[in-house]
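Colleague: The structure is given below, and queries will be raised subsequently.
The values are calculated or read from the model by the stated rules, or taken from the named source; none is laboratory data. Not measured: the values here are computed from a predicted model. All Cβ positions, glycine included, derive from the backbone under ideal geometry; neighbour counts span all protein chains shown.
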C-alpha cells in the first residue's frame with residue numbers, strides 16, 4: 001500500500017507545479033460557467049413551469065462542475081500511460097514490483113486531485129459572492145454538505161475506475177486514440193456534463209440514472225443543492241458504491257489478462 | 001502575379017502530400033473522423049433534449065437554433081481544418097523548426113498553414129451540413145438568392161474570424177513559448193456557446209461580440225436576416241465586416257516574427 005501512496009504523492013506534487021496554467025484555467029472556467037448560467041436563465045425565462053430544478057440549484061451545479069472540472073473531465077487522461085503502451089515502455093512498468101492496475105489507479109486519482117486543488121478554491125470563493133440565482137448557493141443543510149463530500153469522494157473514485165477501463169482496454173488495442181475520443185463524447189452526455197440529467201425527459205432520465213457515468217459528478221452536485229435527497233439520494237449513493245466495486249473487479253480481471261498477452265512494441 | 005499563382009500551387013502541393021500521408025492510415029483516419037463527429041454530436045444531443053422541454057429560447061425555436069449551430073460549427077471546423085498549423089505552432093517554436101521556415105524564401109504564413117491540414121475534422125463539417133439541411137428545410141422562411149448569399153458570406157466571414165483567432169494564438173507563443181489555454185475560450189468556447197444565437201446571453205455579451213471580437217457579425221445579425229426578423233439588406237453584408245479582425249491579428253503576427261528569437265534547440 002505504501003508504494004501506491006508514494007506514487008500518488010509524486011504525481012500530486014508534480015501536478016501542483018503548473019501554477020500559470022492553473023490561473024489561465026481559472027479565468028477560462030469562470031467564463032464558461034457564466035455563459036452556461038446565462039443559457040439556463042434564458043431557457044427559464046421561456047417557460048419557468050417546464051424548468052426541472054430551481055434556478056439556484058442549476059447555478060450551484062454549474063459552479064461546482066466548473067470548479068471541479070478536473071475531477072470529472074472526460075479528457076483527463078495520463079498521456080504517458082497511452083504512450084508507454086504504444087512505444088513498448090510498458091515492459092519496464094511490468095518489471096516493477098507493483099501491480100500496474102493499482103499504480104495507474106493511484107496516478108489517475110492524483111492527477112485529478114492536483115489539477116482540481118489549484119483551481120477549485122478561487123472559483124468557489126468568487127462564485128459564492130455572485131448574486132442569487134447566478135452564484136453558488138449554500139448547501140441545502142449541514143447534513144447535505146457532509147453527504148455531498150462523501151458522494152464526491154465516491155464519484156472521483158468511480159471516475160478513476162472508468163479511466164482505468166480505457167487504459168486496460170488499450171492494452172488489447174495498442175492505440176488508445178479512437179477509444180479515448182469515443183469515451184469522451186459518451187461520458188459527457190451520460191454523466192450530465194452537457195446538460196444536467198434532470199433536464200432530460202423523465203423516461204430517458206430514469207434509464208440514464210442507472211448508467212455508471214451518472215455515478216460521477218451528477219450525484220454529489222445534486223445532493224449539494226438538495227435536488228437529490230431522501231430515498232433517491234441513498235439509492236444513488238449505493239449505486240455509486242456498486243459501480244465502484246464492479247468496475248474495479250472487472251478492471252483487475254481484464255488487466256491481469258492484458259498483462260499476460262501484452263505485446264511489447266518496438267525495442 | 002506570377003508569385004501569387006506559384007504560392008497557390010505550393011499550397012496545393014503541401015495539401016497533396018499531407019492528404020496522401022493521412023490516407024496511409026485509413027482505419028485510423030476514419031475512426032478519428034468518427035470521433036470528431038461524435039464530439040459535436042453530443043452537443044447536439046444536449047440541444048435536442050433542451051428543446052424537448054422548452055419550446056423556444058429568447059424567441060428562437062429548435063430549428064432556428066439548429067441553423068445557427070450548424071453555420072457556426074461549419075465556420076469553426078473549416079477554419080480548424082485549414083488553419084490547424086497555427087494551432088500546433090507553439091510546438092514548432094519550442095522545437096526550433098520555425099528557424100527552418102524563416103530560412104526558406106516563401107511567406108511564413110503560407111508555410112505554417114501548409115504544415116498541417118487536418119482532414120479528420122471533416123467529421124464535424126459533415127454533421128454541420130446535415131444539421132444545416134435539416135434546419136433549412138424545417139424553418140418557416142422562404143429561401144431567396146439573397147439568403148443563400150448571406151449564408152456564404154457568413155461562412156467566409158466566420159472562417160476568416162476563426163483563422164485570425166488561431167493566428168493570434170500562434171503569435172502569442174512568440175512571446176510565451178507555449179500555447180495559452182485561455183485562448184481556447186475564444187475559439188472552442190465561441191463554437192461551443194455559438195450554438196445559441198449570441199442574443200441569448202444578454203445585452204452586454206451581444207455588445208462584446210459585436211464590437212470587440214465580432215462573433216455576432218458572423219452569427220447573430222445575419223441570422224436575423226435569414227429568419228426574416230429584419231429586412232434590412234445591410235445584414236447580408238455584415239459577416240464580411242468581421243474580416244477587419246484579420247488586420248490586428250496579422251499585425252500581431254508580423255510583430256511576433258520580427259521579435260522572434262529562436263528558442264535555441
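Colleague: So residue A:249 fits all but one of (1) part of a helix (DSSP H, G or I); (2) in contact with a helix residue (DSSP H, G or I) (Cβ under 8 Å, 6 or more places away or on another chain); (3) over 25 Å from residue A:70 (Cβ atoms); what number is the exception?
Modeller: Going through (1) part of a helix (DSSP H, G or I); (2) in contact with a helix residue (DSSP H, G or I) (Cβ under 8 Å, 6 or more places away or on another chain); (3) over 25 Å from residue A:70 (Cβ atoms) one by one, residue A:249 breaks only (2).
Colleague: Out of the residues in the stretch B:47-66 that are under 17 Å from residue B:139 (Cα atoms) and in contact with a strand residue (DSSP E or B) (Cβ under 9 Å, 6 or more places away or on another chain), state the one that is farthest from the other protein chains (Cβ to nearest Cβ).
Modeller: B:65
Colleague: Moving on. I'd like to know if the stretch B:27-45 contains one or more residues that are part of a helix (DSSP H, G or I), buried (at least 20 other Cβ atoms within 10 Å of the Cβ) and away from chain A (no Cβ under 14 Å).
Modeller: Within the stretch B:27-45, none of the residues are part of a helix (DSSP H, G or I), buried (at least 20 other Cβ atoms within 10 Å of the Cβ) and away from chain A (no Cβ under 14 Å).
Colleague: Any idea which of B:197, B:214 is touching a residue at least 24 places away in the same chain (Cβ under 8 Å), in contact with a helix residue (DSSP H, G or I) (Cβ under 6 Å, 6 or more places away or on another chain) and away from chain A (no Cβ under 14 Å)? Let's see the steps before the verdict.
Modeller: Numbers: B:197 fails: away from chain A (no Cβ under 14 Å).
Exactly one of B:197, B:214 is touching a residue at least 24 places away in the same chain (Cβ under 8 Å), in contact with a helix residue (DSSP H, G or I) (Cβ under 6 Å, 6 or more places away or on another chain) and away from chain A (no Cβ under 14 Å), namely B:214.
Colleague: Looking at A:185, A:175, can you tell me which residue is surrounded by 21 or more Cβ atoms within 10 Å (Cβ to Cβ), at the interface with another protein chain (Cβ under 10 Å from one of its Cβ atoms), modelled with pLDDT under 85 and at negative phi?
Modeller: Values: A:175 fails: surrounded by 21 or more Cβ atoms within 10 Å (Cβ to Cβ).
Just one listed residue meets the conditions, A:185.
Colleague: Determine, yes or no, whether residue B:75 is under 30 Å from residue B:230 (Cβ atoms), surrounded by 17 or more Cβ atoms within 10 Å (Cβ to Cβ), under 21 Å from the mean Cα position of the chain (by Cα) and within 14 Å of chain A (Cβ to nearest Cβ).
Modeller: No, not satisfied.
Colleague: Go through the stretch A:92-120 and report how many residues are within 19 Å of residue A:61 (Cα to Cα) and free of Cβ contacts under 8 Å to residues at least 24 places away in the same chain.
Modeller: Of the residues in the stretch A:92-120, 0 are within 19 Å of residue A:61 (Cα to Cα) and free of Cβ contacts under 8 Å to residues at least 24 places away in the same chain.
Colleague: Out of everything in the stretch A:188-223 that is touching a helix residue (DSSP H, G or I) at 6+ places or on another chain (Cβ under 6 Å) and at the interface with chain B (Cβ under 8 Å from one of its Cβ atoms), what residue ends up being farthest from residue A:89 (Cα to Cα)?
Modeller: Filtering the stretch A:188-223 for residues that are touching a helix residue (DSSP H, G or I) at 6+ places or on another chain (Cβ under 6 Å) and at the interface with chain B (Cβ under 8 Å from one of its Cβ atoms), the one farthest from residue A:89 (Cα to Cα) comes out as A:201.
Colleague: Of the conditions (1) facing another protein chain (nearest Cβ under 10 Å); (2) over 16 Å from the mean Cα position of the chain (by Cα); (3) within 26 Å of residue B:183 (Cα to Cα); (4) surrounded by 22 or more Cβ atoms within 10 Å (Cβ to Cβ), residue B:89 satisfies every one except a single condition; which number is it?
Modeller: (1)
This table checks each residue for (1) part of a helix (DSSP H, G or I); (2) out of contact with any strand residue (DSSP E or B) (no Cβ under 6 Å at 6 or more places or on another chain); (3) within 14 Å of chain B (Cβ to nearest Cβ).
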{"site": "A:49", "(1), (2), (3)": "yes, yes, yes"}
{"site": "A:52", "(1), (2), (3)": "no, yes, yes"}
{"site": "A:60", "(1), (2), (3)": "yes, yes, no"}
{"site": "A:63", "(1), (2), (3)": "yes, yes, no"}
{"site": "A:66", "(1), (2), (3)": "yes, yes, yes"}
{"site": "A:70", "(1), (2), (3)": "yes, yes, yes"}
{"site": "A:74", "(1), (2), (3)": "no, yes, yes"}
{"site": "A:80", "(1), (2), (3)": "yes, yes, no"}
{"site": "A:83", "(1), (2), (3)": "yes, yes, no"}
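Colleague: Moving to a separate point now. I need the full set of residues from the stretch A:34-56 which are surrounded by fewer than 16 Cβ atoms within 10 Å (Cβ to Cβ) and in contact (Cβ under 8 Å) with a residue 24 or more places away in the chain, in order please.
Modeller: The one that is surrounded by fewer than 16 Cβ atoms within 10 Å (Cβ to Cβ) and in contact (Cβ under 8 Å) with a residue 24 or more places away in the chain: A:54.
Colleague: What number of residues within the stretch A:14-28 satisfy the criterion of being modelled with pLDDT of 75 or more, within 13 Å of chain B (Cβ to nearest Cβ) and out of contact with any helix residue (DSSP H, G or I) (no Cβ under 7 Å at 6 or more places or on another chain)?
Modeller: Here the count works out to 1.
Colleague: Exactly one of (1) in contact (Cβ under 8 Å) with a residue 24 or more places away in the chain; (2) crowded, with 20+ Cβ neighbours inside 10 Å is unmet by residue B:192. Its number?
Modeller: Here residue B:192 clears every test but (2).
Colleague: While we're on this one: Quick check on residue A:31: is it within 11 Å of another protein chain (Cβ to nearest Cβ), free of Cβ contacts under 8 Å to residues at least 24 places away in the same chain and closer than 19 Å to residue A:116 by Cα?
Modeller: Taking the combined requirement at face value, the residue satisfies it.
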